[in-house]
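Notes for the one structure printed next.
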Amino acid sequence: MTLLLGCALGLGLMLVVSPVLWPARAIRAPRIASRPARVLRDRMTQAGLHSVTIPTLLAVSILLAVAAAAFTFAIVPVLALAVIAGIVALVLPVTVINARARTHRTAGRTVWPDLVDHLVSAVRSGLALPDSVVTLARAGPTAVREALLEFERGYRATGDFGLGVDKLKDRLADPVADRVLETLRMSREVGGSELTTVLRNLAAYLRQEAALRAEVEARQSWVMNSARLGVAAPWIILVLLSTRPEAAAAYNTGSGIVLITGGLVVSVVAYRLMMSIGRMPEEHRWFR
């Protein structure tokens, strides 16, 4: 009995001093990715590469850069041009992803007003809000049908509309979709009878914005095409000149490397400046 009492006393004392001897470790909040990583992740999702990870993209870019540099040096024996070709190949996958994402966003500006109209019709017919969103998986365009089918499967499995909205926002990664889905979430949580009016006004605003952007982009397209042509033309001439042995030997000297490097810097700055002038700013995602 004395032994049991001693053990109980020792266990009690150990429990009393355990917070001091073994303090609980602070639970670290999950690290939030940097803004460039979030933007790149959104671009990859919009381009249809939602299952591809950023490290995979980085590995592919590095392999492509090494292959492009080796191939260029084998064809044109100029070290500076080989390095530049490697740099261009390194950023090429990201450039292609941005182009595909831009095309997706442009198409989405014409798709979402019709989707909102279908949603208004479903709500006015008496369907519940989650069921109204589910109907878009059949009536909506093919561009967003797969994402809406995933929302339907998730909502049928969990019954959690908020969780389904969050996953659908991540799957679409579209600023317009964020606005529409957050409007639906607010109506679901706080109620109200003005949902159809708000959605109709949102659809009208989206159509006006799409028409205005299309007109401005059509008028400024010549600026972007001129920027691309102005940057590409000197480098095409440089590659043609570098196929001659005497020109390649001159460009491999210190002065030649400085000349090519300076031309690269000027080309990049001029191209970015022209593109910033000729391209309309993209809408950011505020509801993440």
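A few points about this structure:
- The label point for Glu283 and the one for Thr103, both projected 7 Å from the Cα toward the Cβ, are 2.2 nm apart.
- For the chain, the Cβ-based charge dipole about the Cα centre amounts to some 200 debye (Lys, Arg positive; Asp, Glu negative; other atoms uncharged).
- Rotationally averaged projected area of the range 33-105 (alpha carbon convex hull; nm²): 5.3 nm²
- Carbon plus sulfur fraction of accessible area for the chain, probe 1.4 Å, in percent: 69 percent
- Taking the chain and dividing mean pair separation by its residue count, relative contact order in percent (alpha carbons under 8 Å, at least six apart): 20 percent
- The C-alpha atoms of the chain define a longest principal axis, and helix 254-278 lies at about 50 degrees to it.
- The reciprocal of the average 1/r between distinct C-alpha atoms defines the Kirkwood hydrodynamic radius, which for the range 150-245 equals 17.8 Å.
- Among (i) 49, 37, 15; (ii) 26, 23, 17; (iii) 29, 25, 17, the entry that matches semi-axes √(5λ) of the Cα gyration tensor in Å as calculated here: (i)
- In this simple spin-label model, placing a label point 7 Å from the Cα along the Cα-to-Cβ direction at both Arg228 and Ser61 gives a separation of 2.1 nm.
- Of all the options Ala128, Ala203, Ala173, the one that moves most in a Gaussian network model of the chain with Cα springs shorter than 10 angstrom is Ala128.
- Rounded tilt (10° steps) of 142-158 against the dominant C-alpha axis of the chain: 20 degrees
- Accessible area per residue, Å², the chain with all protein chains present, probe 1.4 Å: 62 Å²
- Here the Debye sum runs over all C-alpha atoms of the range 218-288 as equal scatterers in vacuum, and log10 of I(q)/I(0) at q = 0.13, 0.16, 0.19 Å⁻¹ comes out as -0.54, -0.69, -0.82.
- For the chain, the longest principal axis of the C-alpha atoms and the axis of helix 2-21 are separated by about 40°.
The values are calculated or read from the model by the stated rules, or taken from the named source; none is laboratory data. Values in this document were obtained by computation on a predicted structure and should not be read as measured data. Because the Cβ atoms are built from the backbone with ideal geometry, glycine has one as well, and the counts that use them run over all protein chains shown. What goes into the accessible areas is simple: the full protein's heavy atoms, side chains included, and nothing from ligands, DNA or RNA. Shrake-Rupley method; radii C 1.70, N 1.55, O 1.52, S 1.80 Å.
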